[in-house]
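Coordinate-derived values only; no laboratory data. Note that this is a predicted model, so its numbers are computed, not measured. All Cβ positions, glycine included, derive from the backbone under ideal geometry; neighbour counts span all protein chains shown.
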């Protein structure tokens, strides 16, 4: 299993645009990426304009496949810069333990 956890603070006036994009990306992963185990969007309880995102993949290859999806490319080329004031990657790698049987 391979996981990513990050925090994104929306630029002023861009909260809904950021949330809409993250929801679209999550839906795309669910529908088109069998190697994506989860793509969760969590509200930051301390800041209404920020989100935590947790993504889990079957393995590194599934994450590489995710990086080729059109929404990820759009995120990296344009939207991350347009929508996000602060981006903090908290974790990227293999979890030590997971509740998903046989997935670590």
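From the list 55, 31, 65, 76, pick out the single residue that is out of contact with any strand residue (DSSP E or B) (no Cβ under 9 Å at 6 or more places or on another chain) and within 28 Å of residue 97 (Cα to Cα). Quick ask: steps written out before the conclusion?
Numbers: 55 fails: out of contact with any strand residue (DSSP E or B) (no Cβ under 9 Å at 6 or more places or on another chain); 65 fails: out of contact with any strand residue (DSSP E or B) (no Cβ under 9 Å at 6 or more places or on another chain); 76 fails: within 28 Å of residue 97 (Cα to Cα).
The unique qualifying residue is 31.
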Residue in segment 85-92 that is surrounded by 15 or more Cβ atoms within 10 Å (Cβ to Cβ) and more than 15 Å from residue 34 (Cβ to Cβ) present: no
Scan segment 30-49 and give yes if some residue there is under 14 Å from the mean Cα position of the chain (by Cα) and assigned to a helix (DSSP H, G or I), otherwise no. yes
Given the conditions (1) part of a loop (DSSP other than H, G, I, E, B); (2) exposed (fewer than 12 other Cβ atoms within 10 Å of the Cβ); (3) in contact with a strand residue (DSSP E or B) (Cβ under 9 Å, 6 or more places away or on another chain), and given that residue 98 satisfies all but one, which numbered condition is not satisfied? (2)
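Could you tell me whether residue 16 is farther than 27 Å from residue 97 by Cβ and free of Cβ contacts under 8 Å to residues at least 60 places away in the same chain?
The answer is yes for residue 16.
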For segment 55-94, enumerate the residues that are over 25 Å from residue 9 (Cβ atoms) and assigned to a loop (DSSP other than H, G, I, E, B). 58, 59, 68, 94
